[in-house]
Structures are given as C-alpha cells and as structure tokens.
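The values are calculated or read from the model by the stated rules, or taken from the named source; none is laboratory data. Remember, it's a predicted structure, so these values are computed and weren't measured experimentally. Note that we place each Cβ from the backbone using ideal geometry, even for glycine, and neighbour counts take in every protein chain shown. Accessible surface areas use protein heavy atoms only, side chains included; no ligands, DNA or RNA. Shrake-Rupley method; radii C 1.70, N 1.55, O 1.52, S 1.80 Å.
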Amino acid sequence: MSDTPAPPDDVVLQAVGLTKHFPVRGLTSRGVVHAVDGVDLQLRAGQVLALVGESGSGKSTVARLLARLYPQTAGQVLLHGRPVTALSGRAFREYCRKAQMIFQDPFASLNPVHTVRYVLTRSLRIHHRGLRGAALEDALRALLDRVQLNPDTYVDKFPHELSGGQRQRVAIARALAADPEVLLADEPISMLDVSIRLGVLNLLRDLRDRLGIAILYITHDIASARYFADRTHVMYAGQTVETGDSESVTQTPAHPYTQLLVRSAPDPEHLGDPLRTGATGEPPNMVEPPAGCRFHPRCPFAAELCRTRVPELLPIGAGREVACWGYAPDEPGAPDLGTAKVSQEVAR
C-alpha cells in the first residue's frame, strides 16, 4: 500500500520525490551527477505547468523521467494516482498513449527521409490499429487541420521542405495522433525564429483549451512562462526553489534565484552591469553539489544556515512556496533578505 495521498481528480500526471542520478566513471574517480533531487509536481487537465531554469537545472531530465525515457533513481511517477513503472513492452506503449513528448529540435525529431504523410500515418497506425483506407486518410487530414497546416499543401512534404515552425507543428501533430492526456513540451520554441514562437505557443494553448490536455512546458525563458503557463515551478541545480501561479512568480519573485532570472532579461539602460542581479558566479558542480541551499555560493544574502541545511519549500501565500531560509524568520540564523523579500501579503 502506497503512502502517497490520492491526488485531486483533475491531476493527470504526478511526480513525487522524483530523483535521477547519473553514474560517472572516470579513470581516477567515480560518482554520480545529481541531475534531479526530490522534485514534486502535478500536471492537471486543461492547465499548463511551466518548469523554468537555466541550462543544467534538470528541467529536461524531469520531462524524460515523466516520459519514461529514463528510469528514476528514487521517487514515483503517478498516472491518475497509480504508479507507473514500465520502461518497455506493452505497458510502456499503453503509457505512451497517455503521455506524449515534444522535443526541442523538430528537425532532429523527424526522420528526414520520410514525408509528413508517412510520419503521421505511422503514428496513427501504432496508436489506432483499426485505421485503414479512407478512415486513415481522414484522420491524417484532421491532424494537420488541428495544428493549422493545410493538408493539401503539406501532407507530401519532407522535413527539409518545411520551416522550423511548420516542422514543430508536424511534431505536435504526431504527438496528438495518440490522443494523449499529457503533452511534455521540452523547450518547444527555443529552436524557432522569434517571429513564429508566439504562433506555436498559441497553438498549444488552443489545444489545451479545446482538448483539455495537461501540458508541461519546459523553458529557460521566464517571460514566456508568464504568457503561456497557469503555474510555474522554478528549478535550480536539480531542485525546485519556488512554485506558484505564473503571474505572481514572474511579477513578485521570492527566491533570490528567481529574482536573478527575472532581472537577467536584457535592459538597454543596464547592459553589462554585473550588480543588476545581485548574484555572481556559476552553477555548481552537480557531481559534488554544495551542502545546504545549492544557490548559497551565488546568493548575496547567504548566511551560515544556508551553507549547512537544505531549506524546505515554505508557504508564503495562497498557492505559493519558496525554498529559502529567508522566509523562515523563526529559524535561528535565517538570512535577512531586506527589501528583496516578498511579504506574505504581497504574495497573496
């Protein structure tokens, strides 16, 4: 019997204490890369959850764990409250019908020697074995219509004949062929021209609204998370440091790392100003991550408590949590965030 409490009815996919360590075997030493450590999240029907963080924070690893492309080191993946353990075979294929992944580079994720027709009909045949003839052709055209591509124009094109945005729409159509309940979108617009990124996000938003799909949106661009996502989780060095509704997280960031992300957006009046964010240094070595709060080597507010004890996610308002000792005033040795601290009244 699992000790994990039953999730709400609208929670489709859930991660509980999700952890992934990759072994490292060198000539002189051995260890593990702490890619993901104890991440909890819930993907709800008809909602978008953004996972935000810089490169190496563990975002894509979380998506691959949820897609069952990697086995987890610890923790659980739950589909409608039931543990998912399959990594191959029939049970894995059944799971793939529920959770589909959209990769970052649409050109790399599409076979260059096959046409759009082949890519999509193959996916339809895998997930709907009874489709043949006219029914298969109708389903193919419906998929292209769903991602706003004219079937007559694009069905016989090869990937190299499409733009980046069109290729990504084909990749989305391939995922939709399974009629999934969850889309795991790993930086789906980062390889696209800026002018067409908004169109792809609007397409995903329309699919969320019309089909009630739960979407995990992985990005390093916190501004797009505010535009597209209902809720945002901020990750740093394999751990969640802040959660909340996207508007609050981006407008009143609480954790010093989230503040760093928000303030790192280019500003013509402060170009090249290293003091604008208040943080210095580089992400840590994940083979030997820092003790305590993993952000403390870069944090301008770090105290001795931050260097020795790992902060838990502390509630700071309705639906908001932050992993920072600065929000635990009763804890001896807690750092003083001063004016950088988000009060509970503001957070609400």
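Let's see how each residue does on (1) among the aromatic types (F, W, Y); (2) assigned to a helix (DSSP H, G or I):
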| residue | (1), (2) |
| --- | --- |
| I172 | no, yes |
| A175 | no, yes |
| G199 | no, yes |
| D209 | no, yes |
| I218 | no, no |
| S224 | no, yes |
| T232 | no, no |
| Y257 | yes, yes |
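The one condition from (1) within 24 Å of L211 (Cβ to Cβ); (2) of a type outside the set (A, V, I, L, M); (3) not in a helix (DSSP H, G or I) that D145 does not meet is (3). Residues in segment 139-148 that are without any contact (Cβ under 8 Å) to a residue 40 or more places away in the chain and open to solvent by less than 60 Å² (accessible area, probe 1.4 Å): how many? Residues meeting the conditions: 5.
Note on segment 189-208: among residues that are among the charged types (D, E, K, R) and open to solvent by 60 Å² or more (accessible area, probe 1.4 Å), the one that is nearest to M101 (Cα to Cα) is R205.
Those strands (runs of 3 or more DSSP E) of segment 1-115 in which 3 or more residues are closer than 20 Å to Q239 by Cβ and touching a residue at least 60 places away in the same chain (Cβ under 8 Å) occupy 11-25, 30-44, 48-52, 74-79. Candidates T277, T240, T308: the one that is modelled with pLDDT of 90 or more, within 30 Å of L192 (Cα to Cα) and of a type in the set (V, I, T) is T240.
In a residue-by-residue description of segment 129-138, the property of being open to solvent by 70 Å² or more (accessible area, probe 1.4 Å), acidic (D, E) and under 26 Å from the mean Cα position of the chain (by Cα) applies to no position.
Could you grab me the full set of residues in segment 249-261 that are surrounded by 24 or more Cβ atoms within 10 Å (Cβ to Cβ) and either farther than 11 Å from V234 by Cα or not aliphatic (A, V, I, L, M) (or both)? Matches in segment 249-261: H255, P256, Y257, T258. Restricting E282, E288, E331 to residues that are at pLDDT 90 or above, open to solvent by 30 Å² or more (accessible area, probe 1.4 Å) and of a type outside the set (F, W, Y) narrows the list to E288. Restricting attention to segment 149-166, the residues that are touching a residue at least 40 places away in the same chain (Cβ under 8 Å) and surrounded by fewer than 17 Cβ atoms within 10 Å (Cβ to Cβ) add up to 4.
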